[in-house]
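Just so you know, all these numbers are worked out from the coordinates, no wet-lab data involved. Keep in mind the model is a prediction, meaning the values are calculated, not measured. For neighbour counting, all protein chains shown are included, and Cβ atoms are generated from backbone atoms with ideal geometry for every residue, glycine included.
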Amino acid sequence: MDSEFDVKRCYDVVIKLVDEAGNIIASRNDQQKTISEKSCDVDLLTETDQEVETLLISNLSKEFPTHRFIGEEETSEGKKVELTDLPTWIIDPVDGTMNFVHTFPHSCISVALLVNKDPQIGIIYNPILNQKFTAIKGEGAFLNGRRIKVSGQTDLGKALITTEFGTTRDTEKLDVTMDNLRKTIESAHGIRALGSAALNMAMVALGAADCNYEFGIHAWDIAAGDLIVREAGGVTSDPTGQPLDFMARRVLAASSPELANKVANLLTQYYPPRD
Ligand code: LIP
């Protein structure tokens, strides 16, 4: 990595912007929102999603003019998703937009910084419940400054698993989703769906859940969670157990390699179109 790359400076700049964005989200959580639909009637966008993404990208690009950006809302407006080796910020301004629309208090900002396609910084911040998950590569994972670690659970029969139903309702995806829900509930302690991929992954890092899987997510949903889970001692991969591919729109995060393997062997696979 370029010796000029200063991860601490990047972190200090972005954490201040995330706090500012968190204040915007928290102040509006119980207000009426201006809502528009993206790919379908359950894939929503609010003016806050757009405002937060613009705040983050405009200020980060001023500080770091050579850096690149992948933002959920820029992408939904047609910007091509292009992950190169250059320092790249991957941003979901409001992960859990459906929750935000309903004032269901599980929405977060998810921001990651990748260099050579390798996460260096991960931040997942739910400003409504004041849960700030952070990680810098090689320095551990934290919740509100307190070190966190995965549960280490290896037994599928004792695992609490997080997943989601997604924002598509096409038949093939729904069939796989319901098939996997049934197989998971028959095998594990239970299932939880917070409505945010990033927060579902953060629960694994916290040791509050033992495994997360989802098909249909995007890089901005999982890039921060990938680093935070691994810095908390967990593992991340493709749901087959192969290496995680941020563009494949599939994720598995677990408290141990043993549990990851058991869940990967359990799942019916689904392959959304790549980003
Ligand atoms: C959401 C993800 C969630 C997924 C939803 C939606 P958004 O992100 O966090 O895991 O199931 O379909 O994509 O749209 O709220 O930023």
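Of note:
- Within the stretch 84-94, restricting attention to residues that are touching a Leu at 6+ places or on another chain (Cβ under 7 Å) and not in a loop (DSSP other than H, G, I, E, B), the residue that is nearest to the ligand (Cβ to nearest atom) is Pro93.
- The set of residues in the stretch 145-157 being surrounded by 11 or more Cβ atoms within 10 Å (Cβ to Cβ) and on the phi > 0 side of the Ramachandran plot consists of Gly152 alone.
- The set of residues from the stretch 142-159 being of a type in the set (Ser, Thr, Tyr) and closer than 12 Å to Ala205 by Cα comprises just one member, Ser151.
- Helices (runs of 4 or more DSSP H) lying entirely in the stretch 193-275 (those with 3 or more residues that are in contact with a helix residue (DSSP H, G or I) (Cβ under 7 Å, 6 or more places away or on another chain) and polar (S, T, N, Q)): none
- Test: residue in the stretch 119-132 that is more than 21 Å from Arg230 (Cβ to Cβ), in contact with a Cys (Cβ under 7 Å, 6 or more places away or on another chain), within 16 Å of the ligand (Cβ to nearest atom) and not acidic (Asp, Glu): no
- Selected residue [more than 12 Å from the ligand (Cβ to nearest atom) and within 23 Å of Leu44 (Cα to Cα)] from Leu199, Leu181, Leu174: Leu174
- Scanning the stretch 112-132 for residues that are crowded, with 24+ Cβ neighbours inside 10 Å and in contact with a Pro (Cβ under 9 Å, 6 or more places away or on another chain) returns Ala112, Leu113, Leu114, Asn126.
- Per the listing Pro243, Pro257, Pro273, the residue uniquely without any contact (Cβ under 8 Å) to a residue 12 or more places away in the chain, of a type outside the set (S, T, N, Q) and loosely packed, with under 15 Cβ neighbours inside 10 Å is Pro243.
- Residue among Asp43, Asp49, Asp6 that is loosely packed, with under 14 Cβ neighbours inside 10 Å and either within 16 Å of the ligand (Cβ to nearest atom) or among the charged types (D, E, K, R) (or both): Asp6
- So Gly166, is it small (Gly, Ala, Ser), within 15 Å of the chain's Cα centre (by Cα) and within 30 Å of Ile185 (Cα to Cα): yes
- The stretch 141-171, residues that are farther than 30 Å from Lys38 by Cα, in a loop (DSSP other than H, G, I, E, B) and free of Cβ contacts under 8 Å to residues at least 40 places away in the same chain: Asn144, Gly145
- Search result, residues across the stretch 179-230 that are of a type in the set (S, T, N, Q) and crowded, with 24+ Cβ neighbours inside 10 Å: Ser196, Asn200, Asn212
- Selection from the stretch 3-45 of residues that are without any contact (Cβ under 8 Å) to a residue 12 or more places away in the chain, over 15 Å from Ile136 (Cα atoms) and not in a helix (DSSP H, G or I): Ser3, Glu4, Gln31, Gln32, Ser36, Glu37, Asp41
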